[in-house]
Every structure is written in structure tokens, then in C-alpha cells.
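Notes for the one structure printed next.
The values are calculated or read from the model by the stated rules, or taken from the named source; none is laboratory data. Please read all numbers here as calculations on a predicted model, not as lab measurements. Positions of Cβ are generated from backbone atoms using ideal geometry, with glycine treated the same way; all protein chains shown enter the neighbour counts.
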Number of protein chains: 2
Amino acid sequence: MKKKTTIYDIAKELNITVSTVSRALSGFPAISDATRQLVVETAKRLNYSPNKLASALKSGKTFIVGVIVPSVEAHFFASIIHSIEEGLKDSGYRIILYQSKESLVNEVNGVRTLLEAQVDGIMASMSLETDDVSHFEEIIAQNKPLVLFDRVNKQLRVPTITLNDYQAGYMATQYLIDQGYKNIAFITTVHQIKIFNDRLKGYKDAIRDNKLPFSEDNIILGGLSIKDGRYGAAKLLRSENRPDAIVAGDDFTALGVIKKLKEIDETPPKIGVIGFANEAFSAYITPSLSTVDQHPGEMGKACAEMFLQMAGQLNPYDSIRNIVLEPTIVERQSTGNTDAKD
Amino acid sequence: MKKKTTIYDIAKELNITVSTVSRALSGFPAISDATRQLVVETAKRLNYSPNKLASALKSGKTFIVGVIVPSVEAHFFASIIHSIEEGLKDSGYRIILYQSKESLVNEVNGVRTLLEAQVDGIMASMSLETDDVSHFEEIIAQNKPLVLFDRVNKQLRVPTITLNDYQAGYMATQYLIDQGYKNIAFITTVHQIKIFNDRLKGYKDAIRDNKLPFSEDNIILGGLSIKDGRYGAAKLLRSENRPDAIVAGDDFTALGVIKKLKEIDETPPKIGVIGFANEAFSAYITPSLSTVDQHPGEMGKACAEMFLQMAGQLNPYDSIRNIVLEPTIVERQSTGNTDAKD
């Protein structure tokens with residue numbers, strides 16, 4: 001019986017590396033179409049067995065990474081996804097996305113679905129419901145890279161990319177104080193305890209460090225949405241000790257606050273307003289909205305770099321890094337920046 | 001040797017159907033956690049072989065549907081995805097997403113990636129580059145449902161869900177005429193020929209049907225973005241036969257137009273502006289933006305229904321339907337609706 005053709009034979013025939021042959025036959029995107037065609041034609045000519053290829057590939061990589069986010073509808077997550085893709089592009093990795101829709105059951109299904117789809121690794125930002133993280137252990141058990149971003153859980157010994165949320169809360173408050181506001185309220189949420197607790201702590205510390213009076217009445221706990229912003233602003237404006245500025249938990253909530261303030265002729269910056277996340281619309285509303293930029297672009301870039309680093313190692317969990325990004329303030333009209341264009 | 005345990009034994013033991021056992025063991029989401037736990041415990045107690053399960057599952061469905069879109073960053077596609085998920089929820093199907101990023105090569109990779117991930121079917125909206133549709137033939141060849149939406153290709157004999165784009169162009173123009181505008185310009189794009197050609201034809205027919213003069217100078221062909229809107233508006237305003245209203249190819253372009261008009265004190269509705277897509281920000285800018293709603297919610301719902309119908313058939317391509325949705329106008333301040341709130 002004639003000896004069977006191997007990818008080494010194809011490589012030798014074409015005077016290229018075995019790796020190039022393997023990548024060309026496995027449809028690796030970074031290989032040029034010309035090379036791929038040449039390899040496939042040569043493989044056929046030498047009677048290379050496609051079954052052999054299939055089993056060879058099984059042991060190899062799929063060059064697919066799974067990304068789990070609460071929802072792609074949030075601009076913040078859509079931006080992170082965009083920069084993850086940018087960061088992975090040159091390495092030939094493609095991503096498939098899964099949305100948890102803030103449900104733990106969905107998230108568990110997502111991890112399983114992606115592992116069944118033979119992804120080479122997973123990047124995830126957790127749902128609001130996630131209090132048990134055992135489903136993520138399965139990824140680690142398979143020795144595949146897991147990178148957590150934004151909403152993370154310290155129970156898992158994996159790399160994380162997060163924002164300094166304490167600093168975000170502190171900066172937003174300090175910025176309003178620097179603009180001359182003295183009685184600052186905070187509309188926030190009880191969900192996703194870590195991030196929002198950190199921000200609230202930052203807010204409180206900024207108030208204290210500036211020796212301003214603190215009042216529990218200035219903290220409105222509820223949801224985050226346009227409706228919640230309107231409701232929160234209305235409640236704050238009815239109080240005896242009416243605030244002269246409001247920190248809103250996200251830009252949608254800040255938009256609701258602005259709508260309410262305009263209705264009663266207290267249009268910002270008369271009462272100052274600042275949000276979080278720098279959503280797509282924030283620059284375009286009137287007055288334009290000051291906000292805390294959470295740098296989703298940098299976060300996605302860091303996720304991609306972290307993943308590639310881990311993917312190149314025999315044991316991806318040998319050294320674990322936790323990257324913390326620093327927020328920045330975007331100054332616009334809602335806090336009195338008259339130079340900001342609308 | 002003792003007879004091996006089958007799922008029939010488990011079903012008999014628990015007095016439930018074989019289907020329920022199968023679905024519980026395969027992690028089908030519509031099964032309650034209590035039932036699943038009971039089935040898994042009973043399976044273990046009866047020494048049910050997990051390998052048997054694995055091979056049984058291989059012949060079955062994964063209950064995963066792949067969805068390919070140009071980008072999840074566009075609100076339009078994010079909304080469609082949201083309503084596809086809503087529409088599939090009760091049936092137990094979950095979706096994984098793949099972005100083509102307007103590249104044909106990416107789209108080809110996406111189809112392959114999803115098929116390798118053993119999806120039960122694919123829904124797709126094509127990239128701007130897609131002129132060859134052979135990669136989609138593979139899905140049809142596997143007798144798996146393929147549903148195309150919004151950006152479709154008539155070469156493929158598959159169900160489609162589209163918007164009546166001719167009507168969208170006609171309605172936007174007719175609406176401006178009804179508001180009293182007489183010289184209407186159109187900033188549009190040369191990409192994605194079918195949709196934009198249809199809209200342009202609608203615009204031209206509305207001008208003709210109303211016996212208004214038509215001028216090629218009133219049509220600006222380029223890209224669609226805030227920058228393109230500013231540029232297009234500036235060009236139109238320099239012309240001798242200056243328009244009194246502008247149809248912009250999407251809401252971002254319309255936003256650029258509005259910015260330019262505000263700078264030169266021709267704030268809409270002085271010059272009327274209407275966009276397409278009803279993006280998240282459109283209600284909140286000043287003046288608020290009139291726009292053509294393309295009903296992504298209905299489109300996603302129709303995709304889900306179409307898929308479920310096909311998935312339930314032995315031959316999903318036996319009868320092929322093409323659904324066309326009708327657009328509607330959202331009247332706001334940029335075309336003189338003073339009742340619209342900002």
C-alpha cells in the first residue's frame with residue numbers, strides 16, 4: 001500500500017511551512033486566498049485524505065472566541081465588542097456573541113453553548129443575577145482562556161479588566177464641586193452591587209473630602225432608565241433641601257433628569273447634571289450631557305490582548321493579571337461648559 | 001451482562017414522557033429546574049450511560065440559531081436581534097450572533113463558524129460587499145432553515161423579511177410636501193444598491209406625482225454619517241436653487257444636517273429634515289428628528305416566526321414566503337410638528 005500523504009508532504013511540495021498548510025486547510029482567515037487555493041489544489045493532487053484533515057483539526061484550534069455580554073443593545077457593550085474584534089483581527093480569531101439578557105440561566109446556557117461550539121476561549125461580562133459562578137469553572141477546567149470584563153467576580157481566579165468605579169463616582173462628584181455646585185444628589189441603583197457600591201462610596205468620599213454636608217435624602221435608589229431619571233429628579237426637587245446638581249447612574253437616567261428639569265425651567269446647567277457611559281446620544285441632546293467616559297474601547301482592547309497572551313501559553317492561568325482602567329470626565333453643557341458644541 | 005438503562009427506563013421510572021427526559025438531559029431551557037434535577041438524579045441512580053446520551057444528542061437538535069448581522073452597534077440591528085430573541089424565547093431556542101462588519105470574507109467565515117457550531121438554522125442580513133451568495137447555499141444544502149432579513153438577495157430561494165423601501169422613500173418625500181416644503185433634496189448613498197435605489201425611486205416618484213420640479217443637483221450621493229450629513233447640507237446650501245427640505249439617508253446623516261443648519265441659523269423646521277431608522281437619539285436631540293420607522297421589532301418577530309415554522313417541517317423549503325413590512329412616519333419638530341416633545 002502506498003504511504004498516505006501528510007501535510008508535511010504538501011508543505012515540502014510547495015516549499016512552505018507545515019503551519020501554513022495546516023492553517024490554509026483549516027480555513028484560517030489570515031491566509032491569503034491564493035495560498036489557500038494552491039494548498040487545496042496540491043492536497044487534492046497528492047490524494048491527501050480529507051478525513052485525516054478533519055481529525056487533525058479536531059486536536060487543533062477553531063480560532064473562534066465566545067463573548068458573553070448582558071446585551072448588545074447597550075452602547076457600552078457594543079463598543080467593547082467592536083474593540084475586541086479590532087484587537088483580535090490580525091491574529092485570525094473571530095468572535096461569536098451570546099447575550100445573557102441579565103439572566104443567570106441564560107448565562108449558564110451561553111457558556112455551555114459556546115463550549116459545545118468548540119470556542120478556543122471565552123470573554124464575559126456577568127449578568128445582574130449572577131451570584132453563582134460555577135458555570136465559568138468549566139472553561140477553566142478545559143484549560144481554555146477565560147477573561148472577565150466590567151462585571152466580574154473575584155471568586156474566580158481569572159484575569160479581569162475593570163473600570164475604577166470608586167474613582168468614577170469620586171471624579172463625577174468632585175467635578176461638580178469644582179464647577180461651584182454645593183448640594184449634590186445621586187440617582188443610582190441597587191443592582192450589580194460591586195460597581196454601584198464603589199461609585200456610591202466615591203461620591204460619599206468626595207462630599208466628605210470637600211467638607212460639604214451629606215444627606216441620605218440626596219441618594220435615590222431605584223432603576224436606571226429615562227423614566228427613573230424623571231422620577232428621581234421630581235422627588236429631589238420636592239425635597240426641602242433641594243440639590244443644585246445631580247449625578248445620574250447612567251446617561252439614560254441623566255436624560256430623564258434633564259427632561260424633567262427643562263419642564264420646570266431649571267434647564268441645566270442651572271441645576272448641574274452628569275451621567276455615566278458617554279452613550280451615543282449624549283453629545284447631541286440639548287443641553288449636551290457631561291458624562292463619565294468608561295473607555296469601552298480600551299476595555300475591549302485589553303480583553304483582546306489578554307486573551308491572545310493566554311492563548312499562546314500552555315497553561316493560560318499561570319500568571320493572572322487584573323487590569324483596572326481609569327475613567328475620565330467629558331465636560332459638556334449640562335455642567336456649564338459653554339464651549340461644548342451641541 | 002445487565003441490560004443497559006435507556007431514557008425509556010428513566011421515563012417509566014418517573015412516569016413522564018421520553019421527550020421530557022430527553023429534553024431535560026439535553027439541557028433544553030423550557031424544562032423546569034426541578035424536573036431537570038429529578039431526571040438527572042434518576043439517570044445517575046439507574047446508571048444511565050452519559051456516552052449514550054451524548055450520541056443520542058448528536059442526532060438531535062442543538063436549539064441554537066445563528067444570527068449574522070453587519071454590526072450589533074447599529075440600533076436597527078440590535079433591535080431586530082432583541083425581538084428575534086423575544087420571538088424564540090418560549091420555544092427554547094437560543095441565539096448566537098456573528099458580525100460581518102460589512103465584509104464578504106467575514107460573512108463567509110460566519111456561515112462556516114455557525115455551521116461548525118452545529119446551529120439548527122441561520123438568520124442573516126447581508127454585508128454591503130456581498131455580491132456572491134454561494135456560502136449561504138451550504139445552509140440550504142444541509143436542509144437547515146435560512147431566513148434573510150432587511151438586506152437580502154433574490155438569487156437565493158429562501159424566505160425573506162424586508163421593508164418596503166420604495167414606500168419609505170416615497171412617504172418621507174410626500175410627508176415633507178404635505179408640510180408645505182417644495183424643493184426637497186436627498187442625501188443618500190451608493191452602497192447596498194437595492195435598498196437605496198428603491199428609496200431614491202420612491203423619492204423621485206413622489207416629486208413627479210406632486211408635479212414639483214426635479215433636479216439632479218438635489219441628490220447628494222456619498223456615505224451615511226454625521227460628517228456626510230454636514231458635508232451634504234453645506235453643499236446643498238451653496239447651490240443656486242437652495243432646497244427648503246432635506247431627506248437624509250439615515251438618522252446619523254440627518255443629525256449632521258441639523259448641526260450644519262443650526263450653525264447657519266436655518267434651524268429646522270425652517271429647513272425641514274427627515275431621517276430613516278428612528279435611532280435611539282432621534283427623539284432627544286433639539287429639534288427632535290422626524291424619521292421613517294423601519295419597524296425592527298416587527299422584522300425580528302417575523303424572522304422568529306418564519307424560522308420556527310421552517311424548523312417544524314421535514315423540508316423547510318417546501319413553501320417559501322417573502323414578507324414585506326410597511327414603514328411609518330414619526331412626526332417630530334424637525335419638520336414642524338410643534339406638539340412633539342423634546
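In the range B:272-291, the residues that are facing another protein chain (nearest Cβ under 10 Å) form Cβ pairs under 8 Å with partners that are assigned to a strand (DSSP E or B) and surrounded by fewer than 24 Cβ atoms within 10 Å (Cβ to Cβ), at six or more places apart or across chains, as follows: B:Ser282/B:Val330.
Tell me, which helices (runs of 4 or more DSSP H) wholly within the range A:29-114 include 1 or more residues that are at pLDDT 80 or above and more than 30 Å from A:Asp9 (Cβ to Cβ)? It would help to see each step written out before you state the result.
Values: elements: A:33-45, A:50-59, A:75-88.
The helices (runs of 4 or more DSSP H) meeting that bar are A:75-88.
A:Ser239 satisfies every condition listed in (1) closer than 21 Å to A:Asp293 by Cα; (2) modelled with pLDDT under 95 except (1). Confirm whether A:Phe196 is touching a strand residue (DSSP E or B) at 6+ places or on another chain (Cβ under 8 Å) and surrounded by fewer than 21 Cβ atoms within 10 Å (Cβ to Cβ). Spelling it out, A:Phe196 is indeed touching a strand residue (DSSP E or B) at 6+ places or on another chain (Cβ under 8 Å) and surrounded by fewer than 21 Cβ atoms within 10 Å (Cβ to Cβ). Being assigned to a loop (DSSP other than H, G, I, E, B), assigned by TED's automatic domain parsing to the domain that holds A:Phe149 and small (Gly, Ala, Ser): is that true of A:Ser282 here? So A:Ser282 fails the test. Working only within the range B:181-193, note down all residues that are surrounded by fewer than 19 Cβ atoms within 10 Å (Cβ to Cβ) and hydrophobic (A, V, I, L, M, F, W, C). Residues satisfying the conditions are B:Val190, B:Ile193.
Residue count for the range A:79-111, restricted to those that are touching a Ser or Thr at 6+ places or on another chain (Cβ under 7 Å), more than 8 Å from chain B (Cβ to nearest Cβ) and either crowded, with 23+ Cβ neighbours inside 10 Å or among the basic types (Lys, Arg) (or both): 2. Are any residues in the range B:217-261 among the basic types (Lys, Arg) and surrounded by fewer than 17 Cβ atoms within 10 Å (Cβ to Cβ), and if so, which ones? B:Lys227, B:Lys235, B:Arg238, B:Arg242, listed by residue number. Could you check, for the range B:223-240, whether at least one of its residues is outside any loop (DSSP other than H, G, I, E, B), within 22 Å of B:Asp339 (Cα to Cα) and hydrophobic (A, V, I, L, M, F, W, C)? Looking through the range B:223-240, none of the residues is outside any loop (DSSP other than H, G, I, E, B), within 22 Å of B:Asp339 (Cα to Cα) and hydrophobic (A, V, I, L, M, F, W, C). For the range B:236-271, name all the residues that are among the basic types (Lys, Arg) and more than 10 Å from every other protein chain (Cβ to nearest Cβ). Selection gives B:Arg238, B:Arg242, B:Lys260, B:Lys270.
Yes or no, residue by residue, for (1) under 22 Å from A:Ser282 (Cβ atoms); (2) outside the structural domain of A:Ala283 (by TED's automatic domain parsing); (3) hydrophobic (A, V, I, L, M, F, W, C):
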{"position": "A:Glu216", "(1), (2), (3)": "no, no, no"}
{"position": "A:Ser225", "(1), (2), (3)": "yes, no, no"}
{"position": "A:Gly232", "(1), (2), (3)": "yes, no, no"}
{"position": "A:Asp244", "(1), (2), (3)": "yes, no, no"}
{"position": "A:Asp251", "(1), (2), (3)": "yes, no, no"}
{"position": "A:Ala254", "(1), (2), (3)": "yes, no, yes"}
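Only residues that are of a type in the set (S, T, N, Q) and assigned to a helix (DSSP H, G or I) were counted across the range A:302-316, and they come to 1. B:Val147 meets each of the listed conditions (1) within 14 Å of chain A (Cβ to nearest Cβ); (2) crowded, with 22+ Cβ neighbours inside 10 Å apart from (1). Scanning the range B:203-214 for residues that are within 27 Å of the chain's Cα centre (by Cα) and either among the acidic types (Asp, Glu) or surrounded by 22 or more Cβ atoms within 10 Å (Cβ to Cβ) (or both) returns B:Tyr203, B:Asp205.
Inspect all residues belonging to the range A:174-186 and state whether any of them is outside the structural domain of A:Gly229 (by TED's automatic domain parsing) and without any contact (Cβ under 8 Å) to a residue 24 or more places away in the chain. No, that holds for no residue. In this structure, does B:Glu298 turn out to be at pLDDT 95 or above, within 21 Å of the chain's Cα centre (by Cα) and surrounded by fewer than 17 Cβ atoms within 10 Å (Cβ to Cβ)? The answer is no for B:Glu298. Could you check, for the range B:163-180, whether at least one of its residues is away from chain A (no Cβ under 14 Å), under 18 Å from the mean Cα position of the chain (by Cα), buried (at least 23 other Cβ atoms within 10 Å of the Cβ) and of a type outside the set (A, V, I, L, M, F, W, C)? Looking through the range B:163-180, at least one residue is away from chain A (no Cβ under 14 Å), under 18 Å from the mean Cα position of the chain (by Cα), buried (at least 23 other Cβ atoms within 10 Å of the Cβ) and of a type outside the set (A, V, I, L, M, F, W, C). Taken together, the residues in the range A:255-279 that are assigned to a loop (DSSP other than H, G, I, E, B) and over 17 Å from A:Arg242 (Cβ atoms) amount to 3.
The residue that is nearest to B:Glu116 (Cα to Cα), among those in the range A:112-144 that are facing another protein chain (nearest Cβ under 10 Å) and surrounded by fewer than 24 Cβ atoms within 10 Å (Cβ to Cβ), is A:Ala117.
A single entry from B:Tyr317, B:Tyr231 fulfils the requirement of being more than 30 Å from B:Met123 (Cα to Cα) and aromatic (Phe, Trp, Tyr): B:Tyr231.
Residues of the range B:63-78 include at least one that is at the interface with another protein chain (Cβ under 8 Å from one of its Cβ atoms), under 15 Å from the mean Cα position of the chain (by Cα) and closer than 15 Å to B:Lys301 by Cα.
Please tell me if B:Phe214 is within 22 Å of B:Met171 (Cβ to Cβ), away from chain A (no Cβ under 14 Å) and free of Cβ contacts under 8 Å to residues at least 24 places away in the same chain.
yes
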